[in-house]
Amino acid sequence: MITKYISELVSYGKANGLIEECDEIYVTNRLLELFDVMEYDVKNENSDTKDLSESQKCENSEEKHEAASFRPVHEILEDMMKYAFENGIMKEDTITAKDLFDTKIMGCITPPPSIVRKEFKDKYAVSPKAATDFYYSFSQAANYIRKDRIARDEKWVTDTEYGEIDITINLSKPEKDPRDIAKAGKAKKSGYPACLLCKENEGYAGHFSHPARQNHRIIPVTLDGQQYYMQYSPYVYYNEHCIIFNAEHTPMKIDHAVFKKILDFVRQFPHYMAGSNADLPIVGGSILSHDHFQGGGYTFAMAKADYEKTFVISGYEDVKAGIVKWPMSVIRLQGENADSIVNAADHILTSWRAYTDEDAFIFSETDGEPHNTITPIARMRDGKYELDLVLRNNITTKEAPWGVYHPSADLHHIKKENIGLIEVMGLAVLPARLKKEMSDLADAILNHKDIRADEILEKHADWVDEWIGNYTITPENIMDIIHDEISKVFVKVLECAGVYKRTEEGQKAFMRFVESL
């Protein structure tokens, strides 16, 4: 039976452009070796090339086969892993063990970096979009982006005073099996690769505390003369969600060079945006140890938001500057000259890092610890460069140990994690626990159960009390209502993260900073 699955996977690889006709025997033999199979009936193989000469096979390599009757690759892999476990080839059947093994399988049919990079370069000569279309399709075909898992994510859009806000409950990251956690804890620690973003992950076998990456291929990109690489996020929080990371394992830092690099990226890929998490804890991302940006082909709500007021920065008159109508505190710069925008942004960053306004509870530092930084986002708009600078501050107090400009405690039942780049732009990435909690909450509301008596749902009780009286609730509309109310919470989360509040007093304080420029 395993030979049938091997043949099926090889056919899948050909149909999806992962391997060429002349690779078929080689790839088949690699898979036979992996599964310790000695016998293989070539006659029963589903090959449509047996009548072609070897030269014809390679000449036809650019033409993809029709993928008419192929099963989804995760189904083929599932059958292969079942065989492997039953025959002692795969020692455990936990989620992590299976992820390690099915990635090893896919590594057998994934072309080497040189071929992927050449194809990307050839496509880029046609257009940047043709190149990214190829690379995104390849990343899915190689199962680096697991489409079956991404499809589990729950997503919706809600119209708010700031535009259409995106919400996603992230269900694509599988929960760890206790056996995997125990094994990872006992595993010998390795410093190679240094982190999940390092270029050394390309082709890496992985282990119980580090994902396998045999099907992972990265694309070199030069940004402002420095070597970076591009890859897609395996979790795809938004369309064509890519990561652009430094060739060296070096810490995140927001400075003049970052502005130049993200603008250089959108110059090279004008259909993509690019942004960076801030470089301080609480207001930064989850990985501060490796310099990286995030980009992609999605128009976020913040990009759709317009200027609320404009102003001129002395010395940078060729740059259109203004405050954006957004729950967080955003200065937008726009112009035709990238260097002018970079210099204006650097002036704002330098000023903000040193800026203190005690009346607005803005402190540049306390006890020598810096607090002010920026989350920058770049894009092209109508042939002009555009750079959004989101003002951030990570000061904490005894009353707010998680951060003053962080979701307040009454919102933690929905979102208590750091507000990073993706959330800043208007896309909430909410924890998987909410899927079941919201389903159970809907059931409790419809059946008039005591929410406070449920130890899991109790944390949502005050929130439900705030809005339940505003609706006539039915089984048909309950989930839409809950979704809308979650979206309202997320808007409040963003307002909490804004250093200048959306009040008259807050906006006056914002203008004090603008006038200081």
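Does PRO128 satisfy the condition of being touching a residue at least 60 places away in the same chain (Cβ under 8 Å), closer than 18 Å to ASP23 by Cβ and surrounded by 15 or more Cβ atoms within 10 Å (Cβ to Cβ)?
No.
On the phi < 0 side of the Ramachandran plot, aliphatic (A, V, I, L, M) and modelled with pLDDT of 95 or more: is that true of ILE362 in this structure?
yes
With region 417-507 as the region, which helices (runs of 4 or more DSSP H) entirely inside it contain at least 1 residues that are free of Cβ contacts under 8 Å to residues at least 24 places away in the same chain and at negative phi?
Passing ranges, in order: 433-446, 461-467, 478-497.
I'm checking my understanding of the structure. Among residues of region 207-232 that are modelled with pLDDT of 95 or more and among the small types (Gly, Ala, Ser), which one is surrounded by the fewest Cβ atoms within 10 Å (Cβ to Cβ)?
Looking at the filtered set, the residue picked out is GLY225.
Here are the criteria: (1) more than 23 Å from the chain's Cα centre (by Cα); (2) closer than 19 Å to GLY285 by Cβ. Tell me which single one PRO431 does not satisfy.
So the condition that PRO431 fails would be (1).
Every residue, every condition in (1) more than 30 Å from ALA428 (Cα to Cα); (2) under 21 Å from the mean Cα position of the chain (by Cα); (3) in the same structural domain as LYS173 (by TED's automatic domain parsing); (4) part of a helix (DSSP H, G or I), yes or no:
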residue	(1), (2), (3), (4)
LYS91	yes, no, no, no
ASP102	yes, no, no, yes
ILE105	yes, no, no, yes
ILE109	yes, no, no, no
TYR135	no, yes, no, yes
TYR144	no, yes, no, no
THR158	no, yes, yes, no
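Being of a type in the set (Val, Ile, Thr) and touching a helix residue (DSSP H, G or I) at 6+ places or on another chain (Cβ under 6 Å) narrows it down to one residue among THR94, THR103, THR110, THR132; which is it?
On inspection, the qualifying residue turns out to be THR94.
Taking the options THR299, THR310, name whichever one is closer than 21 Å to GLU336 by Cα, among the hydroxyl-bearing types (Ser, Thr, Tyr) and within 15 Å of the chain's Cα centre (by Cα).
The conditions single out THR299.
Anything in region 458-488 that is of a type in the set (Val, Ile, Thr) and surrounded by fewer than 19 Cβ atoms within 10 Å (Cβ to Cβ)? List them, or say none.
Listed by number, the residues that qualify are VAL464, ILE468, THR472, ILE473, THR474, ILE478, ILE481.
Go over the candidates GLY284, GLY335 one by one and state the one that is surrounded by fewer than 24 Cβ atoms within 10 Å (Cβ to Cβ), touching a strand residue (DSSP E or B) at 6+ places or on another chain (Cβ under 8 Å) and modelled with pLDDT under 95.
From the options GLY284, GLY335, the qualifying one is GLY284.
Run down LYS501, LYS508, LYS492 and say which single residue is under 27 Å from LYS173 (Cβ atoms), modelled with pLDDT of 95 or more and among the basic types (Lys, Arg).
LYS492
For region 247-292, name all the residues that are without any contact (Cβ under 8 Å) to a residue 60 or more places away in the chain and not in a loop (DSSP other than H, G, I, E, B).
The answer is ALA257, LYS261.
From the residues in region 359-412 that are hydroxyl-bearing (Ser, Thr, Tyr), closer than 26 Å to ALA301 by Cβ and not in a loop (DSSP other than H, G, I, E, B), which one is nearest to the chain's Cα centre (by Cα)?
THR375
So that you can scan it fast, the table gives a plain yes or no per residue for (1) crowded, with 21+ Cβ neighbours inside 10 Å; (2) among the β-branched types (Val, Ile, Thr):
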| residue | (1), (2) |
| --- | --- |
| ILE244 | yes, yes |
| ALA247 | no, no |
| GLY296 | yes, no |
| GLU308 | no, no |
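Take the residues of region 344-367 that are polar (S, T, N, Q) and loosely packed, with under 15 Cβ neighbours inside 10 Å: which is nearest to GLU386 (Cα to Cα)?
Here the residue is THR350.
Looking at (1) over 26 Å from ASN418 (Cβ atoms); (2) surrounded by 13 or more Cβ atoms within 10 Å (Cβ to Cβ), which is the one condition that is false for LYS501?
Looking at each condition in turn, LYS501 falls short on (1).
The values are calculated or read from the model by the stated rules, or taken from the named source; none is laboratory data. On a predicted model such as this, the values are computed, not experimentally measured, just so you know. Cβ: placed from backbone, ideal geometry, glycine included. Neighbour counts: every protein chain shown.
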